[in-house]
Amino acid sequence: MPKPKLKPEIKTESLVSAAPKWNVVVLNDPINYQAYVVMAFMNVLRIGAPEAKRLMRTIHAEGRATVWTGDRERAEMLSLELQQWHLNSLLEQDG
């Protein structure tokens, strides 16, 4: 009786890369009052007044600020909610 042929063990290495992070960026606009932007950040991003004011000042001074970084699905939801508050927001891949 012939010996059964053994298949050599195939070793594979799978590298799982982490999903890229996404930035929610808010752009400056001449329409919304600063107090309104602070209130929107506090409601949407669930942050305190000091952090919301800091972000608002950064947007006012630099024209834009990253207000949140994380998974794409959550970033899309936050960006959409900020847009519903009439803020100019967009997504950028964190890099």
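The values are calculated or read from the model by the stated rules, or taken from the named source; none is laboratory data. Just so you know, these numbers come straight off a predicted model, no measurement behind them. With ideal geometry, Cβ positions are generated from the backbone for all residues, glycine too; neighbour counts draw on all protein chains shown. Just so you know, the surface numbers come from the protein's heavy atoms only, side chains and all, with ligands and any DNA or RNA stripped out. Shrake-Rupley method; radii C 1.70, N 1.55, O 1.52, S 1.80 Å.
For Asn23, the criteria (1) of a type in the set (S, T, N, Q); (2) in contact with a helix residue (DSSP H, G or I) (Cβ under 9 Å, 6 or more places away or on another chain); (3) over 17 Å from Leu91 (Cβ atoms); (4) open to solvent by less than 50 Å² (accessible area, probe 1.4 Å) hold in every case but one, which is (3). When the helices (runs of 4 or more DSSP H) confined to region 5-95 are screened for residues that are more than 14 Å from the chain's Cα centre (by Cα) and acidic (Asp, Glu), those reaching at least 2 such residues are found at 49-62.
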